[in-house]
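**Q** This structure is in structure tokens; I'll ask about it shortly.
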């Protein structure tokens, strides 16, 4: 029985890795073994950081909402509690966008939250 060396499939697999390693410095972009190690590590980071990005953005939104709430005389937690009691169903992404782009509209939401807090 003849020896099977993999042929075109092996070449395709290696070419795919080398294409992904384009732009890497030194052997990481030229040598298959080091390129494969580097690409695999990069893919792990990419997978992980797609999830971390969501956490990071939520933190940014909360910071922006908190700063705008302070300008309206409320803390972040009071604002969120008041909006929940007023049954305003805006997520933090939209609230942060309002805080940055449309401060008067955010002020009206803060007033709504204030009125429902005292009631």
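Values quoted throughout were computed directly from the atomic coordinates according to the rules given, and no laboratory measurement underlies them. Every value quoted in this text rests on a predicted model; they were computed, and no experiment measured them. Every residue, glycine as well, gets a Cβ built from its backbone with ideal geometry; the counts of neighbours run over all protein chains shown.
**Q** What's the ranking of 92-105, 50-63 by average number of surrounding C-beta atoms within 10 Å, highest first?
**A** Result, highest mean Cβ count within 10 Å first: 92-105, 50-63.
**Q** Note down, for segment 47-89, the three equivalent ellipsoid semi-axes (square root of 5 times each alpha carbon gyration tensor eigenvalue), biggest first, whole angstrom.
**A** In descending order, the three semi-axes are 25, 13, 6 Å.
**Q** Provide the gained length on full extension for the span residue 17 to residue 52, in nm with one decimal, where the gain is 0.36 nm per separating residue minus the Cα-Cα distance.
**A** That pair, residue 17 and residue 52, stretches by 10.1 nm at full extension.
**Q** Say each of residue 94 and residue 75 gets a label point 7 Å from the Cα, pointing the same way as Cα to Cβ; how far apart are those two points in nm?
**A** Calculated label separation equals 2.6 nm.
**Q** Over the alpha-carbon set of segment 14-101, work out the extent along each principal axis and list the three values in angstrom, largest first.
**A** So the extents along the principal axes, rounded to whole Å, are 60, 22, 19.
**Q** More than 12 Å apart: what percent of Cα pairs in segment 1-53 qualify?
**A** Taking all Cα-Cα pairs of segment 1-53, the fraction more than 12 Å apart is 67 percent.
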